[in-house]
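Notes to accompany the following structure.
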Amino acid sequence: MRWTTVTSPIGELRLATDGTALTNVSTMPGNPVRGERSDDDPILRLAAAELAGYFAGTRTEFEVPLALAGSDFERAVWTEVLAIPYGATATHAEIAARVGQPKAARAVGLANSLNPIAIIVPGHRVVGSFPGRSTGTDVTELLLELEARAGVVTEFKAA
């Protein structure tokens, strides 16, 4: 496991990789990081560059390979969250319906709060009445405002 930190408009981000894919983007500076620091790992450099483009308003999609570790349900939720376009939002209930569990809106909220790859897996685009998003409410609002300012607004509808 290798990791690095990058500075962003929402504070320090910690990025981690298993050497083949990005495994973590954390906005929580107190989160423990395992492995060795590596500022020249190609996966970490790509993620850092893509995040810089996102914060500059010039990148709306990410290409860095991801390794999402979680339960089958969590990975299904995160896959649907990845499908929410830049500038759009979806509700917990919409995501629950898309993963075939229409009564699991609260479970979607929990899975979203456990999202290991904040921002790139855009949990901030999942809105509703459940607090505790993985990036935190203030950061969520900031990210949604950033996307709104970029002027790219798209619609996302549950299947």
Equivalent ellipsoid, segment 2-56 (semi-axes from 5 times Cα gyration tensor eigenvalues, Å):
16, 14, 8
Quote the relative contact order of segment 72-149 in percent (integer), defining contacts as alpha-carbon pairs under 8 Å separated by 6+ residues.
31
Going by how many other beta carbons lie within 10 Å of each one, how would you line up Arg37, Arg75, fewest first?
Arg37, Arg75
If amide hydrogens are placed 1.01 Å from N in the peptide plane, which non-local residues have theirs closer than 5 Å to the one on Ala90?
Val126, Val127
Rank the residues Leu15, Leu68 as a footprinting-exposure proxy: fewest other Cβ atoms within 10 Å of their Cβ go first.
Leu68, Leu15
By average C-beta atoms within 10 angstrom, highest first, the peptides 42-48, 115-121:
115-121, 42-48
Sorted by Cβ density within 10 Å, fewest first, the residues Trp3, Trp78
Trp3, Trp78
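The numbers here are math on the coordinates, done by the rules we state, and not lab data. Worth saying up front: this structure is predicted, and the values here are computed from it rather than measured. Neighbour counts run over all protein chains shown; Cβ positions are idealised from the backbone, glycine included.
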